[in-house]
Ligand SMILES: [Zn+2]
């Protein structure tokens, strides 16, 4: 590994004074999957990414991560966009839908193949379950053990994996501080193209962040463990590295993940239980360190007080009163 891999890169290259003049304003994004209702955790991520982009005068984009086949629905995405707009969060450019981006993903695959970074994987789901009985990543992920690495190229009709380079990757997380991870331990060689013809998440997210000029990626801490893998993929595609911020997850009041109860903690359901939008924005803003205490407000009121140094890293339980009847 080259020496440059061990030197911390300034987040997005924008927080360091530059002798050549002011840095361009950042581009942030929020990238939900349109598979359900946005819950408070998703909305907190959206607001944090919006505040981080807007506080220094940057732009904020929304991208729909709908590459995951039939679970993704346009109508659910449209509802998510309405919920974001209700909070005052609107994309500064037309919303990008990943299902429209096949040509760009295919071009990235061809580039990686040209550099001999892809190989076909013949493993079935069952093969992978058997192989993955031992070590798991630190967040329960099962790293792909490289079983098919020696397979020779058979064309783009196969499932394709990215051949990770050896060694750890580092980055500076705006919430968690300096990070150093070995992607081989956390994910193993990631799947970029599936046998059913779908492009995989890692490929789409890296290609689109590059194409949209995204300089900061704000997302839940459940995705922290895939960051090193995505950094390696960016490097292989010659794309700049954005800054990363991984937020602690919002949990139910008993500490459980929101997952299945997501719908009960979306804007519509909260409104039906008497929780107003300004109250929700104020609670989210307080949780991000913008307010001393939760109080009703609008998103622009929070902008002057947003600072990553004040964002607490831990998990955050939803107020008990908001869960009642959920
Ligand atoms: Zn395989």
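Return yes when residue 129 is more than 10 Å from the ligand (Cβ to nearest atom) and at pLDDT below 95 and no when it is not. In short, yes.
Rundown of residues vs (1) touching a residue at least 24 places away in the same chain (Cβ under 8 Å); (2) under 14 Å from residue 99 (Cα atoms); (3) touching a strand residue (DSSP E or B) at 6+ places or on another chain (Cβ under 6 Å), yes/no style:
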{"position": "22", "(1), (2), (3)": "no, no, no"}
{"position": "26", "(1), (2), (3)": "yes, no, yes"}
{"position": "30", "(1), (2), (3)": "yes, no, yes"}
{"position": "44", "(1), (2), (3)": "yes, no, yes"}
{"position": "56", "(1), (2), (3)": "yes, no, no"}
{"position": "65", "(1), (2), (3)": "yes, yes, no"}
{"position": "69", "(1), (2), (3)": "yes, yes, no"}
{"position": "77", "(1), (2), (3)": "yes, yes, yes"}
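So, of the residues in region 150-172 that are over 15 Å from residue 232 (Cβ atoms) and within 15 Å of the ligand (Cβ to nearest atom), which turns out to be surrounded by the most Cβ atoms within 10 Å (Cβ to Cβ)? Taking the candidates together, the pick is 160. Candidates in region 173-188 are the residues that are under 29 Å from residue 107 (Cβ atoms) and not in a loop (DSSP other than H, G, I, E, B); of these, the one that is farthest from the ligand (Cβ to nearest atom) is 181. Within region 141-158, the residues that satisfy the criterion of being over 27 Å from the mean Cα position of the chain (by Cα) and within 26 Å of residue 102 (Cβ to Cβ) are 148, 151, 152, 153, 154, 155, 157. Restricting 291, 203, 192, 284 to residues that are in a loop (DSSP other than H, G, I, E, B), in contact with a helix residue (DSSP H, G or I) (Cβ under 6 Å, 6 or more places away or on another chain) and either touching a residue at least 60 places away in the same chain (Cβ under 8 Å) or on the phi < 0 side of the Ramachandran plot (or both) narrows the list to 291. Scanning region 236-260 for residues that are surrounded by fewer than 16 Cβ atoms within 10 Å (Cβ to Cβ) and assigned to a helix (DSSP H, G or I) turns up 259, 260.
A count restricted to region 67-91 and to residues that are surrounded by 15 or more Cβ atoms within 10 Å (Cβ to Cβ), modelled with pLDDT of 95 or more and not in a helix (DSSP H, G or I) stands at 4.
The values are calculated or read from the model by the stated rules, or taken from the named source; none is laboratory data. Every value quoted in this text rests on a predicted model; they were computed, and no experiment measured them. Every residue, glycine as well, gets a Cβ built from its backbone with ideal geometry; the counts of neighbours run over all protein chains shown.
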